[in-house]
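Undergrad: Here it is, the structure in full.
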Amino acid sequence: MSERLTSVAPETPSAEPTADALAALAEGGRDIVAEELSILERIQARVEEQLATATHQFEDLNSAMIELRDEIATAKEEDLASLMDQMHQLAALNAKRGSGRTAPVDPQNPYFGHLRLREARMGKLRDVLIGKRTMLDKGDGLSIVDWRNAPVSRLYYRYDELDEYEEEFDDRSIEGTVLLRRSVVVGEGKLRRIDTPQGSFALGRGGAWRDLGREARPSLAGGTGKAVRVPRGQLGVNNDLDGLADKRLQEITALIDKQQFGLITQPESGVVLIQGGAGSGKTTVALHRVAYLAFQDRRRFSPEKMLIVVFNEALVEYIRHVLPSLGVEGVTVTTYRRWSAALLRRLRLDIPAQRTDSTPEAVVRFKKHPMVLEMIAELVAEDLADVERSLEDRLRGRPGGEQVLEQWRKLAKLPPSVRGHRALRWLIEEDGRNLPAKTRAAAETSLRAFRGSVDDVVGDWAELFGDGRRIRNAIASKAPDEFSDSEVNTIVKWCAKKTSALIDWRDHKDEPNLRRDDDDDEPSSPRKPPRLDGEDDAVIMRLYQAKRGGLFVKGKRFEYEHIVIDEAQDLCPIEVRVLLDTASAGRSVTIAGDKAQKMIFDNGFVDWPQLLEDAGLPHVAIQPLKITYRSTRQVMAIAQHVLGHLHDPNDDLIARDGAPVSYFGFSDMGESVAFLGEALRNLMQREPTASVALLTRYPQQAEAYYEALHIAEVPRLRLVSRQDFTFLPGIDVTDVRQVKGLEFDYVIVLDPTRQNYPVRDSARHLLHIACTRTAYQLWLVCSGRPSPLVPQDLIDEDDEQPPG
Ligand SMILES: Nc1ncnc2c1ncn2[C@@H]1O[C@H](COP(=O)(O)OP(=O)(O)OP(=O)(O)O)[C@@H](O)[C@H]1O
């Protein structure tokens, strides 16, 4: 050992109480803990010193700058350059101070890692501590580097103890050996835990240090290939794994349980509602049902006559891959948004293509509310009542008038547009032809006016939302407590503005815009189309269906023989209704979902019976699936705890036993990255085909973790921000909203803090979804104060576990 190194290590444990505190440790452990205690003591003393002199220095710096400024003002030409140079240096120092880069180290939590390096060039030994702030070496061989930007911190993340290192810093190559690599936990100014390859040591509650043993380091292990929802090798990258997903699916087909089988083989017609907790096989059952129906009646349930609507693009990708292995190829698998946008284009309605993303929240909630379905039904009924009144007025006292009215009423079961069409045909081409000419002319006027308006969906939409009274009445009578007065005003105003913009555009869009730019002789292009709200698409489609009795493309009714709606709790009732009305007469529909995994809030979904009622479907018995095949008992216990009052004990699931769920608390992201880096590198080395999801709450956090872990040289790391999962082995760093419906071997929930997951229903749902994505092992890694949604006993257990 060199002098420098000896100077770092204490010769004897410093104070008496420490000697007592170390009594329970074996010699090696005692040296390690004593050494770390001494380092902390010295660092804290330096921090105190620094804090005391900081104000002083600041004042000194300022007065030095003032002096220099005065000197410069009166200086001789030849002295100017050197004075300016000094001035620049001081200014730079000041700026650094202001930027916080040299902000004082927190004595309560000064660092979390300890490296001892032997540099190859001179054999020099350095002790480098890794923390959140920088503290320069004062000649005693001790420094703290900021984990985020000090190049040397990279060594901490990339190398293990006794590794030779070689890194490029500022065009310089540095080489050496990592003699020590320890992670330490300092909390409230006290050293609490030390993790080293030789063992882990923790400060017990009574103040004595305990040896936690060598195996105490937590690890992710033994879970490769547990997730089936990640069909590996599909892209042909891992040839050794090709076909694995298909084999697995056949396996699952063989494993289908009695209750699942019962749902799969329900009669062809009618609605099958698959309800069950996370991982209970809802999607699996829905897909098997598609395969089952196709097998039962190949002609009726041919692939092009079936539609599967799922929540996100990742599930689309997964299902497209899986279906062929069930013997079904070519079924349309899509998201609602994509399906609706494509269909709307094909309906050739005169509406602008662009949608706004600045719709006020209250308007979104209003337009998704089931009351809009009722408003549409009322509007249609009003139109029909109007035409009947007009017929009665015009035909009163005319010979044959009663016959026309009777015929009109006979057609009451038909959709309005068909009814208008059929009544006119009766009048012109069938029995009505024999009526007196004046009676026919009067009836024809009313019916033609009706037929002109009945196909004008945009006009209907404007009528529905352009009339403030209609909106106010609907809210007052159907959702009296759900919108505040100011929200109602916002809705009315917004809708009025949108409808008049659309009508104005429609009436004038073919005219040149006569407003000229000053320097432009030509009239500018036709008016810019207004942007409707995204929620208008479903309303317009529903209006179209309500008026015409279906959606028609090139004169043909657009319909499916079977429709699967997965994650139905995240569609709004109008969307479900629109979808269901594209089912053929038998109404063969499979709806799957889980209340606990709701991700779209304020979408009008309350419960399954309500959804069925809003969607105009008969009530069907719901028997939730009871076994969770994905996650373990340990994971489900946490996931249910997270749900809190949203958890329905009736939804309790039977789950297999598995690895314990672990919580790891750190005070800073740098610490968690250090911990994760090591755990993930080890995992990827031992289990290269494992699938891992690292889930943050927000996309920006995923980016930050991705970058930090990239620096820590974690292999096979992928940042997923737009559902672009590769479904290959490796580590996906992403935000929780991306992973709905997916499955991974290992899941690590990152930073379940109170900011990220406050005590709110929406946060409960999101954290529940995150936890239940794992088929094997779950970790919660938190830098910051944990959310109250995380079970306290799990956090307490963290005290017993060594950190990374
Ligand atoms: N009977 C079964 N035996 C064994 N494994 C099954 C069975 N049914 C489903 N699985 C597997 O359980 C996992 C979860 O299934 P699935 O994804 O269909 O559940 P889910 O209810 O749709 O989940 P979530 O709602 O969380 O998205 C999948 O890996 C699936 O292959």
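The values are calculated or read from the model by the stated rules, or taken from the named source; none is laboratory data. Please read these numbers as outputs of a predicted model, since none were measured by experiment. When we count neighbours, we look across all protein chains shown, and the Cβ atoms used for this are built from the backbone with ideal geometry, even at glycine. The accessibility values were calculated without ligands, DNA or RNA, using every heavy atom of the protein model including side chains. Shrake-Rupley method; radii C 1.70, N 1.55, O 1.52, S 1.80 Å.
Undergrad: Could you count how many residues in segment 204-232 are among the aliphatic types (A, V, I, L, M), modelled with pLDDT under 90 and more than 16 Å from the ligand (Cβ to nearest atom)?
TA: So the count comes out to 4.
Undergrad: Something else now. Mind counting the residues in segment 124-160 that are in contact with a Pro (Cβ under 8 Å, 6 or more places away or on another chain) and open to solvent by 20 Å² or more (accessible area, probe 1.4 Å)?
TA: Residues meeting the conditions: 2.
Undergrad: Looking at segment 347-362, can you tell me whether even one residue there is part of a helix (DSSP H, G or I), at pLDDT 90 or above and either under 21 Å from Leu571 (Cβ atoms) or not assigned by TED's automatic domain parsing to the domain that holds Phe483 (or both)?
TA: The first filter runs over segment 347-362 and keeps only residues part of a helix (DSSP H, G or I), leaving 361-362.
Then keep just the ones that are at pLDDT 90 or above; that gives 361-362.
Then drop every residue that is not either under 21 Å from Leu571 (Cβ atoms) or not assigned by TED's automatic domain parsing to the domain that holds Phe483 (or both), which leaves 361-362.
Yes, some residue in segment 347-362 is part of a helix (DSSP H, G or I), at pLDDT 90 or above and either under 21 Å from Leu571 (Cβ atoms) or not assigned by TED's automatic domain parsing to the domain that holds Phe483 (or both).
Undergrad: Quick one: in segment 425-466, which of the residues that are in a helix (DSSP H, G or I) and acidic (Asp, Glu) is surrounded by the most Cβ atoms within 10 Å (Cβ to Cβ)?
TA: Asp460
Undergrad: Restrict the check to segment 568-586 and report whether at least one residue is of a type outside the set (Lys, Arg), more than 30 Å from the chain's Cα centre (by Cα) and open to solvent by 40 Å² or more (accessible area, probe 1.4 Å).
TA: yes
Undergrad: Looking only at segment 618-643, count how many residues are open to solvent by less than 30 Å² (accessible area, probe 1.4 Å) and small (Gly, Ala, Ser).
TA: Summing the residues that are open to solvent by less than 30 Å² (accessible area, probe 1.4 Å) and small (Gly, Ala, Ser) in segment 618-643 gives 2.
Undergrad: Hey, another quick one. Count, please, the residues in segment 776-788 that happen to be part of a loop (DSSP other than H, G, I, E, B) and in contact with a Pro (Cβ under 7 Å, 6 or more places away or on another chain).
TA: Residues in segment 776-788 being part of a loop (DSSP other than H, G, I, E, B) and in contact with a Pro (Cβ under 7 Å, 6 or more places away or on another chain): 1 in total.
Undergrad: Is at least one residue of segment 732-739 within 16 Å of the ligand (Cβ to nearest atom), surrounded by fewer than 21 Cβ atoms within 10 Å (Cβ to Cβ) and within 22 Å of His647 (Cβ to Cβ)?
TA: yes
Undergrad: Just to verify a result, which residue in segment 161-183, among those that are in a loop (DSSP other than H, G, I, E, B) and modelled with pLDDT of 85 or more, is most open to solvent (accessible area, probe 1.4 Å)?
TA: Step one: filter segment 161-183 for residues in a loop (DSSP other than H, G, I, E, B), giving 161-163, 170-171.
This time we only want the ones that are modelled with pLDDT of 85 or more, so: 161-163.
Numbers: Glu161: 34, Leu162: 120, Asp163: 52 Å².
By that ranking, first place goes to Leu162.
Undergrad: Turning to a different aspect of this structure: From Ser269, Ser325, grab the single residue that is in contact with a Leu (Cβ under 6 Å, 6 or more places away or on another chain), touching a residue at least 40 places away in the same chain (Cβ under 8 Å) and either within 15 Å of the ligand (Cβ to nearest atom) or open to solvent by 20 Å² or more (accessible area, probe 1.4 Å) (or both).
TA: Going through Ser269, Ser325 in turn, just one is in contact with a Leu (Cβ under 6 Å, 6 or more places away or on another chain), touching a residue at least 40 places away in the same chain (Cβ under 8 Å) and either within 15 Å of the ligand (Cβ to nearest atom) or open to solvent by 20 Å² or more (accessible area, probe 1.4 Å) (or both): Ser325.
Undergrad: Take the conditions within 13 Å of the chain's Cα centre (by Cα) and open to solvent by 10 Å² or more (accessible area, probe 1.4 Å) and apply them to Arg718. Does it pass?
TA: Against the criterion (within 13 Å of the chain's Cα centre (by Cα) and open to solvent by 10 Å² or more (accessible area, probe 1.4 Å)), Arg718 does not qualify.
Undergrad: Follow-up. Quick test of your reading of the structure: Arg718 fulfils all but one of (1) touching an Asp or Glu at 6+ places or on another chain (Cβ under 9 Å); (2) under 16 Å from Ile748 (Cα atoms); (3) in a helix (DSSP H, G or I). Name the failing condition by number.
TA: (3)
Undergrad: Would you call Ala704 open to solvent by 30 Å² or more (accessible area, probe 1.4 Å) and among the hydrophobic types (A, V, I, L, M, F, W, C)?
TA: Judged against the criteria, Ala704 is a match.
Undergrad: Moving on. Starting from residues that are within 13 Å of the ligand (Cβ to nearest atom) and not in a strand (DSSP E or B), keep the ones in segment 648-659 and report whichever is modelled with the lowest pLDDT.
TA: Asp651
Undergrad: Oh, and also: Which condition number in (1) away from the ligand (no atom under 16 Å from the Cβ); (2) open to solvent by 10 Å² or more (accessible area, probe 1.4 Å) is the one that Met306 fails?
TA: Every condition holds for Met306 apart from (2).
Undergrad: A further question on this structure: Please indicate, with yes or no, whether at least one residue in segment 288-297 is among the β-branched types (Val, Ile, Thr), more than 11 Å from the ligand (Cβ to nearest atom) and modelled with pLDDT under 95. Write out each step before concluding.
TA: From segment 288-297, those among the β-branched types (Val, Ile, Thr) are 290; that's our starting set.
If we keep only those that are more than 11 Å from the ligand (Cβ to nearest atom) as well, we get 290.
If we keep only those that are modelled with pLDDT under 95 too, we end up with 290.
Within segment 288-297, one or more residues are among the β-branched types (Val, Ile, Thr), more than 11 Å from the ligand (Cβ to nearest atom) and modelled with pLDDT under 95.
Undergrad: I've got another one for you. Within segment 660-673, can you find the residues that are open to solvent by 10 Å² or more (accessible area, probe 1.4 Å) and either in a helix (DSSP H, G or I) or basic (Lys, Arg) (or both)?
TA: Passing the criteria: Met669, Glu671.
Undergrad: What do you reckon, is Tyr746 within 14 Å of the ligand (Cβ to nearest atom), assigned by TED's automatic domain parsing to the domain that holds Ala690 and more than 19 Å from Gln597 (Cβ to Cβ)?
TA: no
Undergrad: Same structure, new question: Please return the ranges of helices (runs of 4 or more DSSP H) entirely within segment 543-647 where 2 or more residues are more than 16 Å from the ligand (Cβ to nearest atom), closer than 29 Å to Val739 by Cα and touching a Gly at 6+ places or on another chain (Cβ under 7 Å).
TA: 573-580
Undergrad: Also, I was wondering about something else. With (1) surrounded by fewer than 20 Cβ atoms within 10 Å (Cβ to Cβ); (2) touching a helix residue (DSSP H, G or I) at 6+ places or on another chain (Cβ under 9 Å) as the list, and Tyr336 as the residue in question, which single condition is left unmet?
TA: Failed condition: (1).
Undergrad: Run down Leu794, Leu766, Leu789 and say which single residue is at pLDDT 95 or above, surrounded by fewer than 24 Cβ atoms within 10 Å (Cβ to Cβ), within 25 Å of Arg630 (Cα to Cα) and assigned by TED's automatic domain parsing to the domain that holds Ala639.
TA: Details: Leu794 fails: at pLDDT 95 or above; Leu766 fails: surrounded by fewer than 24 Cβ atoms within 10 Å (Cβ to Cβ).
Leu789 is the lone residue from the list that is at pLDDT 95 or above, surrounded by fewer than 24 Cβ atoms within 10 Å (Cβ to Cβ), within 25 Å of Arg630 (Cα to Cα) and assigned by TED's automatic domain parsing to the domain that holds Ala639.
Undergrad: Just give me the residues in segment 379-424 being open to solvent by 20 Å² or more (accessible area, probe 1.4 Å), touching a helix residue (DSSP H, G or I) at 6+ places or on another chain (Cβ under 9 Å) and not in a helix (DSSP H, G or I), in sequence order.
TA: Arg398, Pro399, Gly400, Ala412, Lys413, Leu414, Pro415
Undergrad: Pairs, please: C-beta under 8 Å, at least 6 apart or cross-chain, first residue among the hydrophobic types (A, V, I, L, M, F, W, C) and more than 10 Å from the ligand (Cβ to nearest atom) and in segment 757-775, second open to solvent by less than 10 Å² (accessible area, probe 1.4 Å) and in a strand (DSSP E or B)?
TA: Every condition considered, the pairs that remain are Leu767/Val749; Ala770/Leu695; Ala770/Val747; Ala770/Val749; Cys771/Val747; Cys771/Val749; Cys771/Leu778.
Undergrad: Moving to a separate point now. Can you list residue pairs whose Cβ atoms sit under 7 Å apart, with the first residue in segment 279-297 being closer than 14 Å to Val310 by Cβ and the second being of a type in the set (Gly, Ala, Ser) and open to solvent by less than 40 Å² (accessible area, probe 1.4 Å)? Count only pairs 6 or more apart in sequence or on different chains.
TA: Matching pairs, first to second residue: Lys282/Gly276; Lys282/Ala592; Thr283/Ala592; Thr283/Gly741; Ala286/Ala592.
Undergrad: Is it true that some residue in segment 285-308 is within 13 Å of Glu567 (Cβ to Cβ), of a type in the set (Lys, Arg) and either in a helix (DSSP H, G or I) or touching a Leu at 6+ places or on another chain (Cβ under 6 Å) (or both)?
TA: No: zero hits.
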